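Down below is the structure, laid out as structure tokens.
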Amino acid sequence: MSKEEIFQRLQEILVDEFHMEKETITPEAKLYEDLDLDSIDAVDLMVKMKQYIEGKMDPEQFKNARTVQDVVDILYPLIQKK
């Protein structure tokens, strides 16, 4: 899965599960400030992405993610292992 495909999948989840406007979800969008996610939402998002990753995800990896692109960049190598 390419980074663009990961972004699109994240965008779909945020629209479908979190009822966000697709236009607001850009790579530069800040998770907490722009998208108004809280820590529980962030965990839910990672659970939804788990199906694309083999093995366990370390929540520590996502601690410093601030933008949608940060999440894509963290997920990319994990998804490539699958």
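A few comments on the model shown:
- Loop-located GluC sites (Glu not before Pro) in segment 5-59 whose Cβ has at most 14 other Cβ within 10 Å (DSSP): Glu21, Glu28, Glu33, Glu54
- For Lys30, distant residues with modelled amide H under 5 Å away: Leu35
- Among Gln69, Gln11, Gln61, residue whose mean-square fluctuation peaks in a GNM of the chain (springs only between Cα atoms under 10 Å): Gln61
- Stretch gain in nm, segment His19-Asp36, where the contour uses 0.36 nm per residue and the Cα spacing is subtracted: 5.0 nm
- Per-residue Karplus couplings for segment 26-32, computed as 6.51 cos²θ - 1.76 cosθ + 1.60 with θ equal to phi - 60°, are listed in order as 10, x, 7, 4, 7, 4, 8 Hz, Gly and Pro entered as x.
- Range of Cα positions in the chain per principal axis (Å), largest first: 31, 23, 20
- Charged neighbours of Thr24, selected by a Cβ distance under 13 Å, balance to -4 (K, R count +1; D, E count -1).
- Entry note, segment 1-68: relative contact order of 38 percent, from Cα contacts under 8 Å with a spacing of 6+ residues.
- Probe 1.4 Å, protein heavy atoms only - accessible area per residue of the chain in square angstrom: 64 Å²
The values are calculated or read from the model by the stated rules, or taken from the named source; none is laboratory data. Quick caveat, the model's predicted, so the values are computed rather than measured. Virtual Cβ from ideal backbone geometry, glycine too; neighbours counted across all protein chains shown. Surface accessibility is based on the protein's heavy atoms, side chains included, excluding ligands, DNA and RNA. Shrake-Rupley method; radii C 1.70, N 1.55, O 1.52, S 1.80 Å.
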